[in-house]
Amino acid sequence: MEVKGRRNFLSKVMLTSIGGAALLSTSANAKSTQNQSLTEVQKDKLFFIYQEEKVARDVYITLGNIYTDENTFASIQISEQRHMDSARELCEKYGVDISNVDESQVGEFVLPVLQELYDTCVSTGEESILDALKIGELIELTDIDDLEDAAQDMPSDVITVFESLKEGSYNHLDAFQTAIARA
């Protein structure tokens, strides 16, 4: 599958998954002032970003275990954990139910569309080190787009965190593109 084809696939998967996330958010804490400041759609987007950061981390863990001589995966998976932590803190602050997410289970996702994304990325990445690095590049490009889309109409603190995550993704993108050129 060419990078453009993968990009189109991932973009379609991401667009579909935002709607799927709507089924998973909760309004259990709607009494809190903080929780009233996000709509259900915004909560769904926040949950999706949290899970998407887990996809990136888990793909990099899995591909890093396959390609142990390629340090790009190992270094970026640590950063992706920090991205997950930041998104999780926002979910907790705004009352998004994340109780069914087990961060310790690599490769397991609540949203079926993200499970499919993980499985596809790993399957493609297993084909060769170059394919694995291109999957990393594609994940980062997708993350950047999704963070930009999800930030629309969000409170300023969420936008600030998303901007920080986006900057991290640009750094990861540079690292993957450098590794691709090297490979």
ask   = Which one is surrounded by the fewest Cβ atoms within 10 Å (Cβ to Cβ), of the residues in region 127-136 that are over 13 Å from the mean Cα position of the chain (by Cα), of a type outside the set (V, I, T) and in a helix (DSSP H, G or I)?
value = L130
key: Residue ID - surrounded by the most Cβ atoms within 10 Å (Cβ to Cβ), chosen from residues in region 137-179 that are touching a helix residue (DSSP H, G or I) at 6+ places or on another chain (Cβ under 8 Å) and in a loop (DSSP other than H, G, I, E, B)   = M154
note = From the option list T120, T124, single residue qualifying as surrounded by 16 or more Cβ atoms within 10 Å (Cβ to Cβ), over 13 Å from E52 (Cα atoms), out of contact with any Lys or Arg (no Cβ under 8 Å at 6 or more places or on another chain) and modelled with pLDDT of 95 or more is T120
query = Can you name the residue in region 46-85 that is of a type in the set (S, T, Y) and surrounded by fewer than 24 Cβ atoms within 10 Å (Cβ to Cβ) and is also nearest to E167 (Cα to Cα) among such residues?
reply = S79
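The values are calculated or read from the model by the stated rules, or taken from the named source; none is laboratory data. These numbers come from a predicted model, not from an experiment. All Cβ positions, glycine included, derive from the backbone under ideal geometry; neighbour counts span all protein chains shown.
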